[in-house]
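Notes for the one structure printed next.
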Amino acid sequence: MNTPNLRLGFLESIGQVLALKTENLTVEYPAICRLLKQADEGTFYRLAPHLFVVTDVREPIVVQAIEGNTRGYKLFKQLVEEGM
């Protein structure tokens, strides 16, 4: 299933869950992407409160929370596989 209009996003608070070395998400972005690609279902449930889906990139940007359930996990994995 292809989701061309959806993109995965995350809140700054994800840095606390991932125990990042710096609070600068620009610097940590590659590490965050790598960790998201490696995330299993258990990790997803810990990260879910910090994740969202961008559903419309036109101003104002529209986002929707990712639910911390099996359906949310499948969407998360799909978006990660498609390049977030």
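What follows is calculated from the coordinates using simple rules that are stated; it is not laboratory data. Model, not experiment: these values are computed from the prediction. For neighbour counting, all protein chains shown are included, and Cβ atoms are generated from backbone atoms with ideal geometry for every residue, glycine included.
Assorted remarks:
- Residue-wise HN-Hα couplings along the range 9-21, as the Karplus relation 6.51 cos²θ - 1.76 cosθ + 1.60 with θ = phi - 60° gives them from phi, are x, 8, 7, 4, 5, 4, x, 5, 5, 8, 6, 6, 6 Hz; Gly and Pro carry x.
- Candidate values (i) 12.4, 36; (ii) 13.9, 47; (iii) 14.6, 51, label of the one derived for Rg and Dmax of the Cα atoms in Å: (i)
- As a rough guide to protection, the peptides 68-74, 55-61 ranked by mean Cβ packing within 10 Å, highest first, stand as 68-74, 55-61.
- Label-point separation in nm, Asp56 to Lys21, each point 7 Å along Cα→Cβ: 4.1 nm
- Taking amide H atoms as placed 1.01 Å from N in the peptide plane, the amide H of Val63 lies under 5 Å from those of Thr55, each 5 or more residues away in sequence or on another chain.
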